[in-house]
Amino acid sequence: MSLLKQIAPRTILFLSLVAFIGMGLPDAYAQVDTFEFESAEQQKRFRKLSDEFRCPMCQNTSLSGSTGGVAEDLRREVHRMIVEGMSDEEIEQFMFDRYGDFIFYKPRLTSQTVLLWFGPLLFLLLGAIVLINIWRKAGKLNSVQVSDELDGDDRRRLENLLAESRAQQSATDQTEDKN
Amino acid sequence: MNRLMAFLPVAAFLILAVVMWRGLYLDSKELPSMLIDKPMPAFELTTVDDVSVNNELLPKEPFLLNVWGSYCLPCLVEHPTFMRLKESGEIPIVGVNYRDQQQLALNWLEDNGNPFEFSILDESGRFGIDLGVYGAPETYLVDSNGVIRYRHVSVLDEQVWREVFEPAIAELRSEEAAR
């Protein structure tokens, strides 16, 4: 009994560690299909392609991660095309002809997807332009020479104010002394 | 010039706000079909009644191609509309029985009524892939030459019929009459 108590926490720790590591592996959520390939290279291509195609039904899952019916069919098609010796480009074209740009997690560069590809760069450039303008304005402000010398009138006003406050100060000091 | 520049951030904000506001109401589930204005993919299959069919046997007038399955609950929602169209003879409807089992499909038609001229049996979903189908129900409008003109994803109820299909079919018919 005490042995069980000793082992149990360790086992739980071990199992949760395994589960935790498993979460990081992309294959942990892949659908299990029993496809047969002629070579390890074909299997690798199948994995890569079904990770790159998006399931049209479930939107935010790749073909490899989706349980959707159409994803199952498309995985079967990808397998068929690989075994029949079609190239990756041909398989991508097959998918594109039927499902359009949507099927690619990494859309092709066309006139319609230019903004998608380079939009972020455009915004980065805009931001940079704004930032540079702000810096340049700040630089101009710093370089303007501001004299801290007071002219005659201001100096006299300052001296008067100081003299006034000194007189007030000594008056209050005297009243405090009397008390 | 500087005055105008001061409004630039406001303008940028407004543009972004409009774009994002629109984005909130876009239906990302409705993907554009790649087959619009393309001929229906070639097929050599059987109907659910075991009769061989191919492209030659499709109606020689505008018709609807409805993708359905006995497992598909939304198909039952649009079913009364198709039954009404069948009874009034407004437009022929061809079915694609997608990823279903033949016997279940036959039972479904028996139980609910059969609005289709015939239903193409696509148990494997392979014909669906050629059509770019990603799940039942989907409905295509096909013209007399077998060219796909429009695709509607999800339920085609009376409202969709009135607002989308009726005008589209009227336009297609007048276009074909003018030829």
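The values are calculated or read from the model by the stated rules, or taken from the named source; none is laboratory data. All of these numbers come straight from a predicted model, not from anything done at the bench. Please note: Cβ atoms are built from the backbone with ideal geometry, for glycine as well, and neighbour counts cover all protein chains shown.
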Against the definition (crowded, with 20+ Cβ neighbours inside 10 Å and of a type in the set (S, T, N, Q)), how does B:Ser124 come out, yes or no? no
Hey, B:Arg151 hits all of (1) within 14 Å of another protein chain (Cβ to nearest Cβ); (2) of a type in the set (Lys, Arg); (3) more than 15 Å from B:Ile36 (Cα to Cα) but one; which does it fall short on? (3)
I'm trying to understand the selection: among the residues of the stretch A:97-138, which are within 30 Å of B:Asp130 (Cβ to Cβ) and of a type in the set (A, V, I, L, M, F, W, C)? A:Phe102, A:Ile103, A:Phe104, A:Leu109, A:Val114, A:Leu116, A:Trp117
Please state which of the following conditions A:Glu92 fails to meet, knowing it meets all the rest: (1) assigned to a helix (DSSP H, G or I); (2) under 30 Å from B:Tyr71 (Cβ atoms); (3) in contact with an Asp or Glu (Cβ under 9 Å, 6 or more places away or on another chain). (2)
Within the stretch A:34-50, tally of residues that are of a type in the set (Gly, Ala, Ser) and closer than 15 Å to A:Glu77 by Cβ: 1
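Per-residue answers, yes or no, for (1) within 60 Å of the chain's Cα centre (by Cα); (2) in a helix (DSSP H, G or I); (3) at pLDDT below 80:
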site: A:Leu131; (1), (2), (3): yes, yes, no
site: A:Arg136; (1), (2), (3): yes, yes, no
site: A:Asn142; (1), (2), (3): yes, yes, yes
site: A:Val146; (1), (2), (3): yes, no, yes
site: A:Asn160; (1), (2), (3): no, yes, no
site: A:Ala163; (1), (2), (3): no, yes, no
site: A:Ala167; (1), (2), (3): no, yes, no
site: A:Asp173; (1), (2), (3): no, yes, yes
Among the residues of the stretch A:96-116, is there at least one that is within 30 Å of B:Pro9 (Cβ to Cβ), polar (S, T, N, Q), modelled with pLDDT of 90 or more and out of contact with any strand residue (DSSP E or B) (no Cβ under 6 Å at 6 or more places or on another chain)? no
For the subset of the stretch A:85-116 comprising residues that are within 14 Å of chain B (Cβ to nearest Cβ) and of a type in the set (A, V, I, L, M), which member is nearest to A:Arg45 (Cα to Cα)? A:Ile91
Residues that are among the basic types (Lys, Arg) and touching a residue at least 12 places away in the same chain (Cβ under 8 Å), drawn from the stretch B:145-179: B:Arg149, B:Arg151, B:Arg173
Qualifying positions in the stretch B:142-179 - under 30 Å from A:Val78 (Cα atoms) and surrounded by fewer than 21 Cβ atoms within 10 Å (Cβ to Cβ): B:Gly146, B:Val147, B:Arg149, B:Tyr150, B:Val153, B:Ser154, B:Val155
For the stretch A:61-74: of the residues being within 11 Å of chain B (Cβ to nearest Cβ) and outside any loop (DSSP other than H, G, I, E, B), which is surrounded by the most Cβ atoms within 10 Å (Cβ to Cβ)? A:Leu74
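Residues checked against (1) assigned by TED's automatic domain parsing to the domain that holds A:Glu41; (2) not in a loop (DSSP other than H, G, I, E, B):
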| position | (1), (2) |
| --- | --- |
| A:Gln59 | yes, no |
| A:Glu77 | yes, yes |
| A:Asp97 | yes, yes |
| A:Gly119 | no, yes |
| A:Phe123 | no, yes |
| A:Gly127 | no, yes |
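In the stretch B:24-34, is there at least one residue being part of a helix (DSSP H, G or I), without any contact (Cβ under 8 Å) to a residue 24 or more places away in the chain and surrounded by fewer than 14 Cβ atoms within 10 Å (Cβ to Cβ)?
Yes, because at least one residue in the stretch B:24-34 is part of a helix (DSSP H, G or I), without any contact (Cβ under 8 Å) to a residue 24 or more places away in the chain and surrounded by fewer than 14 Cβ atoms within 10 Å (Cβ to Cβ).
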Check the stretch B:44-67 and report whether any residue there is surrounded by 20 or more Cβ atoms within 10 Å (Cβ to Cβ) and either within 14 Å of chain A (Cβ to nearest Cβ) or in a helix (DSSP H, G or I) (or both). yes
Among the candidates B:Glu110, B:Glu123, residue that is over 22 Å from B:Ile169 (Cα atoms), more than 14 Å from chain A (Cβ to nearest Cβ) and among the charged types (D, E, K, R): B:Glu110
